[in-house]
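The values are calculated or read from the model by the stated rules, or taken from the named source; none is laboratory data. Remember, it's a predicted structure, so these values are computed and weren't measured experimentally. Don't worry about glycine lacking a Cβ; one is built from the backbone with ideal geometry, like all the others, and counts go over all protein chains shown. Accessible surface is based on the protein model in full, side chains and every heavy atom, while ligands, DNA and RNA are left aside. Shrake-Rupley method; radii C 1.70, N 1.55, O 1.52, S 1.80 Å.
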Amino acid sequence: MSNTNTSTTNTTAANVATITHTNLAVLVSGRGSNLQAMIDNIENGNIKNANISVVISDMADAYALERAKKHALDAIFIDPKSFANKTEYEQELVNILDSYNTDLIVLAGYMRIVGKDVISAYKNRILNIHPTLLPSFAGLHSHKQTLDYGVKVSGCTVHFVDEGMDTGPIILQSCVPVLENDTEDTLSERILEQEHKIYPQVVKLFIEGKLKVEGRIVRVSK
Ligand code: GRF
């Protein structure tokens, strides 16, 4: 999969340095702890050759926007209510994403189903994280669904986004035990710790060109 803008600095014919760089756009709706994990991993050098070119929120008061501003990132609120319909909202979204030369869209707590126009414009270039072991407990209220069902193991899943809700090809998962006295909060906290590890790890794999999508299967090369 080709996933980066590639620019070439020409020195001599025998010494051509190829610099690849990936522009990330992070879409958020709320707290933004996964955004923060991405920022931290870029700043500490774990994720190389990438930057967050824009953070876009569909909620005016998303704390994620504050986090973005603290790190001098472009932070944009787009109000879905100011568009006649979802198609127009998403057209504007695509315009903004394109204007930032986005290579990879990272959904980080973005509480909307991404529509077909965005998906076709960014095919296999949209990631999402979900706080269960998909395909179990897709959709909203994941922790409540998990506890109500009584499973003993849960976790989180990073996947490519398709037109379904949490149905795209799975890239990486991490497990956590569900404990006897867990509440939604304690379970969520334990899973979030894993989210902050595997999401940056997947972004890194994407940037390094190590993800290959074959139908539903994602091959991860070493
Ligand atoms: C996370 O639990 C993520 O798995 C889900 O939404 C939550 C977002 O949290 N998609 P944050 O905004 O990244 O803190």
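Here Ser154 meets the list (1) within 19 Å of the chain's Cα centre (by Cα); (2) within 12 Å of the ligand (Cβ to nearest atom) almost entirely, failing just condition (1). The residues on offer are Ala84, Ala64, Ala14, and the sole one that is modelled with pLDDT of 95 or more and open to solvent by 70 Å² or more (accessible area, probe 1.4 Å) is Ala84.
The number of residues in segment 91-114 being farther than 24 Å from Arg67 by Cα and open to solvent by less than 10 Å² (accessible area, probe 1.4 Å) comes to 0. Just for segment 178-197: of the residues that are of a type in the set (Asp, Glu) and more than 26 Å from Met38 (Cα to Cα), which one is most open to solvent (accessible area, probe 1.4 Å)? Filtering segment 178-197 for residues that are of a type in the set (Asp, Glu) and more than 26 Å from Met38 (Cα to Cα), the one most open to solvent (accessible area, probe 1.4 Å) comes out as Glu180.
Is it the case, given these coordinates, that Asp58 is touching a Pro at 6+ places or on another chain (Cβ under 9 Å), charged (D, E, K, R), closer than 24 Å to Glu195 by Cβ and modelled with pLDDT of 95 or more? For Asp58, the condition - touching a Pro at 6+ places or on another chain (Cβ under 9 Å), charged (D, E, K, R), closer than 24 Å to Glu195 by Cβ and modelled with pLDDT of 95 or more - is met.
Condition test on Leu147, is it within 13 Å of the chain's Cα centre (by Cα), open to solvent by 30 Å² or more (accessible area, probe 1.4 Å) and away from the ligand (no atom under 12 Å from the Cβ)? So Leu147 fails the test. With the condition kept exactly as written, say whether any residue in segment 36-54 is within 11 Å of the ligand (Cβ to nearest atom), more than 20 Å from Ile198 (Cα to Cα), surrounded by fewer than 23 Cβ atoms within 10 Å (Cβ to Cβ) and not hydroxyl-bearing (Ser, Thr, Tyr). No, the conditions are met nowhere in segment 36-54.
Given the criteria part of a loop (DSSP other than H, G, I, E, B), among the basic types (Lys, Arg) and either crowded, with 22+ Cβ neighbours inside 10 Å or within 15 Å of the ligand (Cβ to nearest atom) (or both), does Arg31 qualify? Answer is yes for this residue. Quick one: in segment 92-111, of everything that is out of contact with any helix residue (DSSP H, G or I) (no Cβ under 8 Å at 6 or more places or on another chain) and within 12 Å of the ligand (Cβ to nearest atom), which residue is farthest from Thr20 (Cα to Cα)? Ranking the candidates gives Met111 first.
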